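**Q** This structure is in structure tokens; I'll ask about it shortly.
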Amino acid sequence: MIRFGTSGWRSIIADEFTDANVRVCVHAIANTIVTGGHADRQVIVGNDTRFMSERFVRLAGTILAERGIPSELCDRPTPTPVIAFTVGRRRAAGAINFTASHNPPEYLGLKFSSSDGAPALPEVTSAIECEIRRLLADGLPAPVTAPASSVEFDPSGDYLADLATKVQFDVIAASGLRVAYDPLWGTGRGYLDRALVSHGVKVETLHDWRDVYFGGRSPEPNETNSADLIAAVRSGEFDLGLSTDGDGDRFGIIDSDGTFVAANDIIALLVDYLIETRAWDGDVARSVATSHFVDRVAAKHGRRVIETPVGFKFIGELINDDRIVLGGEESAGLSIRGHVPEKDGILACLLVAEAVARRGASVAEMLSALRSELGTLINRRIGVRLSEEQTSRLKERLASEDPTEIGGRKVQRVDRTDGAKFIFDDDAWVLMRPSGTEPLVRIYAEARNNDELEVLLESGREFVNR
């Protein structure tokens, strides 16, 4: 069964990700566009740098044409936030994006964004899945006799021009900041580095070519995959290291001493920086799995925190409604007021560079100042593989059980926004959240120090395996 998770459908190339399955998916999406009354508006179609991704872009364009729906095809691998921006700019019916984001190189995926540029909400993806089941049972429709057109275009110019209205490039350039950037062989190359260079900032770009194997690893900007970038910063030639994942929607930050900085810390730092420098009204949003340190920073500025389920589409709604200054997820995704309702790793990296430049301080120095004022919280997650039967039983338990204590700590309350989050005193908590697409449960925890954090994570593992 083809299932759409928080960011679309992903599967292994030539195993389940095949021409036949893509045809069914695109026809199902076309049906939802037609029933939604948007068949006269174009669909943006793009891809990341994975093997055969251009083939599927052309296939989607052909199918949309057969269904009488016009399409515009990105002329090269394109970051997900750029596609999201283009949907809004061109008033498109939506976008079909062939990407598996940060997944291993053997994967490819299909992500559908609605007419606001945001990832499709659950009710939309559920409707697409229903159409897929119907089409598999009844067969695909015959092509129409007068196909609509598919044209190629370059989406970079409009996006980069808009980015210049949201990032203070003059501040970065005036500081003399030296930046190293690693796109991890993904779509960010020619975007983040081009934006900085065009504004007079010195940038050294690593892995500035297409490699469908992503150097033999997942194109995820985590500490393990940032070894080359860390070494570049530690060489002393650079003040800051920036990284984006395969489709440019996630960020990675390397501080001036070569230390990898957790996404939770970057989100909290940018909440503080943007409220201070932009004077924007609005609250702050974070997913249920994201650090409560964000809450402390928001409270410092008198702002409320809106907690959402995991999946940036829920934060995207708040951005579209102009309710928040910034929304972020611990999985290294964020966007800001007035920007796209989608994760943008390019923007996140540039805002960190701006904060370092304007404040004349390293990321560690800025975080140290915040912790001195607000205290310390440490956040981490682990994954536990389960059988399908175990996963089903766990979902029932998480929906109904209310333990009085976990790991020797008294449970103050239970938050079932997404999975079950058991909250203790002093902002400590543990969250257990089963995956929607595979037999896996993710356990997130936060505490004041590493010892307390380890106890909570192991207690969560014991609860799951019970």
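**Q** Taking interchain pairs and intrachain pairs at least six residues apart, which have beta carbon atoms under 9 angstrom, with the first residue in the stretch 46-66 and free of Cβ contacts under 8 Å to residues at least 40 places away in the same chain and the second assigned to a helix (DSSP H, G or I) and buried (at least 19 other Cβ atoms within 10 Å of the Cβ)?
**A** Ala60/Val22; Ala60/Cys25; Ala60/Val26; Ala60/Ile29
**Q** Quick check on this structure: which one of Arg303, Arg286 is in contact with a strand residue (DSSP E or B) (Cβ under 8 Å, 6 or more places away or on another chain), surrounded by fewer than 22 Cβ atoms within 10 Å (Cβ to Cβ), assigned by TED's automatic domain parsing to the domain that holds Tyr191 and touching a residue at least 12 places away in the same chain (Cβ under 8 Å)?
**A** After ruling out the rest, the residue left standing is Arg303.
Listed here are the residues, each with its yes/no results for (1) more than 27 Å from the chain's Cα centre (by Cα); (2) at pLDDT 95 or above; (3) in the same structural domain as Glu458 (by TED's automatic domain parsing); (4) in a helix (DSSP H, G or I).
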position	(1), (2), (3), (4)
Val340	no, yes, no, no
Ala348	no, yes, no, yes
Glu389	yes, no, yes, yes
Glu396	yes, no, yes, yes
Lys421	no, yes, yes, no
Glu438	no, no, yes, no
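**Q** Please give the number of the condition Met432 fails out of (1) within 26 Å of Arg371 (Cα to Cα); (2) part of a strand (DSSP E or B); (3) of a type outside the set (Gly, Ala, Ser).
**A** (1)
**Q** Pairs needed: first member in the stretch 176-191, free of Cβ contacts under 8 Å to residues at least 40 places away in the same chain; second member anywhere, β-branched (Val, Ile, Thr) and surrounded by fewer than 24 Cβ atoms within 10 Å (Cβ to Cβ); C-beta distance under 7 Å; at least 6 residues apart or different chains.
**A** Between residues of the stretch 176-191 that are free of Cβ contacts under 8 Å to residues at least 40 places away in the same chain and residues that are β-branched (Val, Ile, Thr) and surrounded by fewer than 24 Cβ atoms within 10 Å (Cβ to Cβ), the close pairs are Arg189/Thr205.
**Q** With respect to Phe260, determine if the residue is more than 17 Å from the chain's Cα centre (by Cα), surrounded by 16 or more Cβ atoms within 10 Å (Cβ to Cβ) and either not β-branched (Val, Ile, Thr) or not assigned by TED's automatic domain parsing to the domain that holds Ala447 (or both).
**A** Here the answer is yes, as Phe260 does meet what is asked.
**Q** Only one residue in Val363, Val430, Val455, Val384 is β-branched (Val, Ile, Thr), in the same structural domain as Ile254 (by TED's automatic domain parsing) and buried (at least 16 other Cβ atoms within 10 Å of the Cβ). Which one?
**A** Going through Val363, Val430, Val455, Val384 in turn, the sole match is Val363.
**Q** Within the stretch 440-452, restricting attention to residues that are among the charged types (D, E, K, R) and within 22 Å of the chain's Cα centre (by Cα), which residue is surrounded by the most Cβ atoms within 10 Å (Cβ to Cβ)?
**A** By that ranking, first place goes to Glu446.
**Q** Taking the stated definitions as given, is Asn31 surrounded by fewer than 19 Cβ atoms within 10 Å (Cβ to Cβ), in the same structural domain as Ala100 (by TED's automatic domain parsing) and more than 22 Å from the chain's Cα centre (by Cα)?
**A** Judged against the criteria, Asn31 is not a match.
**Q** Considering only the stretch 234-257, state which residues are surrounded by 24 or more Cβ atoms within 10 Å (Cβ to Cβ) and touching a strand residue (DSSP E or B) at 6+ places or on another chain (Cβ under 7 Å).
**A** Within the stretch 234-257, Gly241, Leu242, Ser243, Thr244, Asp249, Arg250, Phe251, Gly252, Ile253, Ile254 qualify.
**Q** Another one. Please give the number of the condition Asp402 fails out of (1) in the same structural domain as Asp245 (by TED's automatic domain parsing); (2) at pLDDT below 95.
**A** Answer for Asp402: the failing condition is (1).
**Q** Applying the selection to the stretch 222-253, what residues are within 17 Å of Leu334 (Cα to Cα) and touching a helix residue (DSSP H, G or I) at 6+ places or on another chain (Cβ under 8 Å)?
**A** Correct list: Leu242, Ser243, Thr244, Asp245, Gly246, Asp247, Gly248, Asp249, Arg250, Phe251, Gly252, Ile253.
**Q** Right, Ser101: in contact with a helix residue (DSSP H, G or I) (Cβ under 9 Å, 6 or more places away or on another chain) and either assigned by TED's automatic domain parsing to the domain that holds His339 or without any contact (Cβ under 8 Å) to a residue 60 or more places away in the chain (or both) or not?
**A** no
The values are calculated or read from the model by the stated rules, or taken from the named source; none is laboratory data. The structure presented is a predicted model; accordingly, all values stated were derived computationally and were not measured. Neighbour counts run over all protein chains shown; Cβ positions are idealised from the backbone, glycine included.
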